[in-house]
1. Based on the Cβ-Cβ distance of Arg92 and Glu513, what FRET efficiency does E = 1/(1 + (r/R0)^6) give at R0 = 56 Å, to the nearest 0.05?
2. For a protection proxy built on the mean count of beta-carbon atoms within 10 angstrom, sort 406-413, 498-505, 131-138 highest first, please.
3. Treat each spin label as a single point 7 Å out from the Cα along the C-beta direction, and report the Ala171 to Ala149 distance in nm.
4. Quick one: check the C-alpha center-to-center distance for region 154-212 versus region 441-488, whole angstrom.
5. Kindly express, to the nearest 10 degrees and within the range 0 to 90, the angle between helix 310-322's C-alpha long axis and the longest C-alpha principal axis of the chain.
6. Before I look further, what does region 157-230 give for accessible area per residue, probe 1.4 Å, in whole square angstrom?
7. Would you please give the FRET efficiency between Arg181 and Arg533, computed as 1/(1 + (r/R0)^6) with r the Cβ-Cβ distance and R0 = 51 Å, to the nearest 0.05?
8. How many angstrom separate the Cα center of region 285-333 from the Cα center of region 419-438?
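The values are calculated or read from the model by the stated rules, or taken from the named source; none is laboratory data. This is a predicted model, so every value here is computed, not measured. FYI the Cβ positions are ideal-geometry reconstructions off the backbone, even for glycines, and counts take in every protein chain you see. Ligands, DNA and RNA are stripped out before the accessible areas are found, and what is left, the full protein with its side chains, is counted by its heavy atoms. Shrake-Rupley method; radii C 1.70, N 1.55, O 1.52, S 1.80 Å.
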Amino acid sequence: MARVRAPASRGPKPGPIREERLARDGRRSRPSRAAVNPLREGLRLERVPAPHTMVLFGATGDLSHRKVFPALAQLWRTNLLPAEWHLVAVARRPYDDASFRAEVGAALERHSRVPLEPEVARQFLERISYHRGDFSEEAAYDRLAERVADHGREHGGVANVLFYLAAQPSAFPTIVAQLGRCGLDHEVHGGGWRRIVIEKPFGRDLESARRLNREVGRVFREAQVYRIDHYLGKETVRNLLVFRFGNGIFEPIWTRQYVDHVQITVAESIGVEDRGMFYEETGAARDVLQNHMLQLLSLVAMEPPAAFAADPLRDEKVKVLRSIAPPARGRMSRDVVRGQYGPGWVEGVAVPGYRQEPEVDPDSETETYVACRLEVDNWRWSGVPFYLRHGKRLPKRATEIAIQFRDVPHRLFAEAETDPQPNLLAIRIQPDEGILLRFGSKVPGLGFDIRTVTMDFTYGSSFAADAPDAYETLLLDAMLGDASLFTRADEVEAAWSIVTPILDTWLDAPPPEFPNYEAGSWGPESAEALLARDDRRWRRL
Ligand code: BG6
């Protein structure tokens, strides 16, 4: 994953002619903020992927419009896509190239991180063509195979193809099987790479994830498969690796001897928005705990990898997940809490309860909140609880990892008026991205009173550059063939092995009285009890 890259051997070469062309076509008409930021110099030499065709399934869907196209457009704007790049958008709706480009153009206006200059947007859209077809229709794939081959021929025999599955998950097996039937997975015929990016959710339990892995594995080799968890593309999440393994002072205390417990919070103030139908089938445990939260946990708890590369990194994350036993059936009701929001007030606005949301069953038993206590049973972490909580319609949006250190072994300043709280390291993933260290300090004066103070690092004040969106990072990595920030088959299965027993128990046990928390509160009371039993409290965010 090393982001300091040598210039690509293939793809457009930097240099005066390319610079001149880029300036002419508007892509470098104005230096970007990052380009003039001296702090960035030497930190990252971007590499441009080899020329390729991207094939996007589910191109008319919400994810494509909100995330995928805007991210691609940013890559194009900042010259990170090769000039020979093309995208074939596959979906069922009756568009032609012109009407689909207009639709994508409108999406870019709504969702772009940095607005595109009209000329840059025009050139980007020109590279998109629409391919209408039903995912189950064989002929559509035959036509697609011809189209991909034509693109390749038009661009000097380029045979590299990046498939991206942003369609509904039930279509994944059919699409993969059809790509295999047409030989579109073959890297041998004419050379060039073939890769497939698969969106979440990857299965809905251990069994279905295994089945999907088998189905994908029948067509693509594991090295060709890029399973997305967009949390791994977030700047602050990637920084976890640098923070832990690029500094000398934290690793020695990153153990059971010094850490009392870890809290991971993914709080959202939004409800289910217009995704009621999806969420009814999903719930908080499948939607966020199984993937984003367990990924954060494994990055916090993993051992230093043997090398900074995809497999050594993922080997260590898998080991963490395999060291976590799901809560025992008898302890499930103690160690796992589920909740569902009722009506309430969030950020000063009255909001409906989950059961009143569009497309939600008025008697729904789907959880919109989950909290649990997990233990990583290995030498480093044995006996250190990891408390995880995630919910919708909480008072604010805040994702944070808090490492709570043990208290001092002996209180020297017992007479002090104010006792310090134990040290804490809070890694703010979003918003207000940064890292905070809490420690005790003597209050100025004649006595030895201690007050808790903080040292605070914020990205905003330390770096003038805007962080890329997670999708920009991940798309570029997939194009470059770097799978470090994508989940491997065994990793996905290990995560499901933790969450599936929880889901199974919920299936058997009568649900708690839902709704059991008010929108705008910090979740059900039983979540407070989960920590209170261990004589601890959730951090107030
Ligand atoms: C998605 C979930 O994977 O992550 C959503 O499906 C959730 O329900 C979202 O809102 C959170 O992502 P972010 O980047 O906004 O924290």
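1. Result of the calculation: an efficiency of 0.85.
2. Averaged packing, sorted descending, gives the order 498-505, 131-138, 406-413.
3. Taking the two extended label points, one gets 2.4 nm.
4. Going from one Cα centre to the other spans 34 Å.
5. The angle comes out at about 40 degrees.
6. 38
7. Plugging the Cβ-Cβ distance into 1/(1 + (r/R0)^6) gives 0.40.
8. First find each Cα centre; the distance between them is then 22 Å.
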